[in-house]
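Worksheet: the structure to be examined is printed underneath.
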Amino acid sequence: MTNHENGGTMILRSTVTSPFGRKARMAFHVLGLENRMVLQPADTLDPADDLRTQNPLGKMPTLLLGDGSVLFDSRTILSYLDRLAGGGLLYPIGAWDRALVETAEVLHDGITEAALLMVYEGRFREPGTHSRRWLDHQGGKIRRALDRVAAAPPSLSPSSGKTNAAAIALVCALGYLDWRRPFPWRDGYPELVVWLDRITRRDPAVAATANPEVPPI
Ligand SMILES: N[C@@H](CCC(=O)N[C@@H](CS)C(=O)NCC(=O)O)C(=O)O
C-alpha cells in the first residue's frame, strides 16, 4: 500500500516530447525526486493504450501511484510533488504569493494550450480545411501572453532557491514553440530568449528534460 505522503516509486505516463509532461518531469528534477519516477510513454491516439483507463481524458501527464491511485493534470502533479518534497518549493507558502505564482503558471500553460490547439488544427483537419480564424484566435492568446510575460518574466532566483511552477511552465511553453513552431517568438521577444538562456544555464533540470527532437538553437 502506498503511503501517499511518501509517494513511493511513481509511474509518469508521458512522452519525452509532451510539453505538459515536461512540466511534471522537470518538477521531479527540480525537487531532486527524479529517482522516484519511472517514465512510461503513452500514446494518446491509441484507443488500446491504458492511459484512457487511467485518465478518462486520455491526456499526458498522468501520474500513477503504487496502490493504483492516479493523479492528473500537470498542475495537480506539481502541487502534489511540492508537498511531497516538503512544500514551499515550487509554490510559495503564503496565500497571496502562491496565488500569484499559480496565475502565472496558468498564463504560461495557456501559451502551450493555444499552441497545441494550433498544431492539432493541422493534425486533425484535412489540408485546405484549416480555419484561419481559429488559428488567429489562438495566435492572439500566445501574442498577448508573451507580451505580458516579456514585461516581467518569472524570477530566476526565487526565495525558495528552486525554479518555481511558473518558471517551469514557461520553459515548457517556449520549448514547445521552438519545436512545433506554430508562432515565431524569438525575434519579437529578445528578453525571453535571454531569460530562457539564463534559466538553462542556472538549472540543470531544463537540459535534463529537453525534448530530444528539438535541435540546439
Ligand atoms: N491541462 C492539462 C493538459 C494536458 C494536455 O493537453 N496534454 C496533451 C499532450 S502535451 C495531450 O495529452 N493531448 C492529447 C489529447 O488531448 O487527447 C495538463 O496541464 O496536464
Subset tally (residues that are surrounded by 18 or more Cβ atoms within 10 Å (Cβ to Cβ) and of a type in the set (V, I, T)) for region 50-76: 1
Tell me whether region 20-37 contains one or more residues that are within 15 Å of the ligand (Cβ to nearest atom) and either assigned by TED's automatic domain parsing to the domain that holds Y176 or over 20 Å from T209 (Cα atoms) (or both). no
Among the residues of region 39-78, which ones are among the hydrophobic types (A, V, I, L, M, F, W, C) and under 20 Å from E5 (Cβ atoms)? L63, L64, L65, V70, L71, F72, I77, L78
Among the residues in region 149-168, are any in contact with a Lys or Arg (Cβ under 8 Å, 6 or more places away or on another chain) and within 14 Å of the ligand (Cβ to nearest atom)? yes
Any residue in region 78-90 that is of a type outside the set (S, T, Y), assigned to a loop (DSSP other than H, G, I, E, B) and modelled with pLDDT under 95? no
Which ones in region 120-150 are among the β-branched types (V, I, T) and buried (at least 16 other Cβ atoms within 10 Å of the Cβ)? I142, V149
Of the conditions (1) surrounded by 12 or more Cβ atoms within 10 Å (Cβ to Cβ); (2) without any contact (Cβ under 8 Å) to a residue 60 or more places away in the chain, D203 satisfies every one except a single condition; which number is it? (2)
Taking S18 as meeting all but one of (1) at pLDDT below 95; (2) closer than 25 Å to A167 by Cβ, write down the number of the exception. (1)
Could you please let me know if W179 is within 21 Å of A210 (Cα to Cα), more than 15 Å from the chain's Cα centre (by Cα) and surrounded by 13 or more Cβ atoms within 10 Å (Cβ to Cβ)? no
If we ask which residues in region 43-63 are in a loop (DSSP other than H, G, I, E, B), touching a helix residue (DSSP H, G or I) at 6+ places or on another chain (Cβ under 8 Å) and more than 8 Å from the ligand (Cβ to nearest atom), their number turns out to be 1
Which ones in region 1-11 are touching a Lys or Arg at 6+ places or on another chain (Cβ under 7 Å) and within 16 Å of the ligand (Cβ to nearest atom)? M10
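The values are calculated or read from the model by the stated rules, or taken from the named source; none is laboratory data. Because the structure is a prediction, the values reported are computed rather than measured. For neighbour counting, all protein chains shown are included, and Cβ atoms are generated from backbone atoms with ideal geometry for every residue, glycine included.
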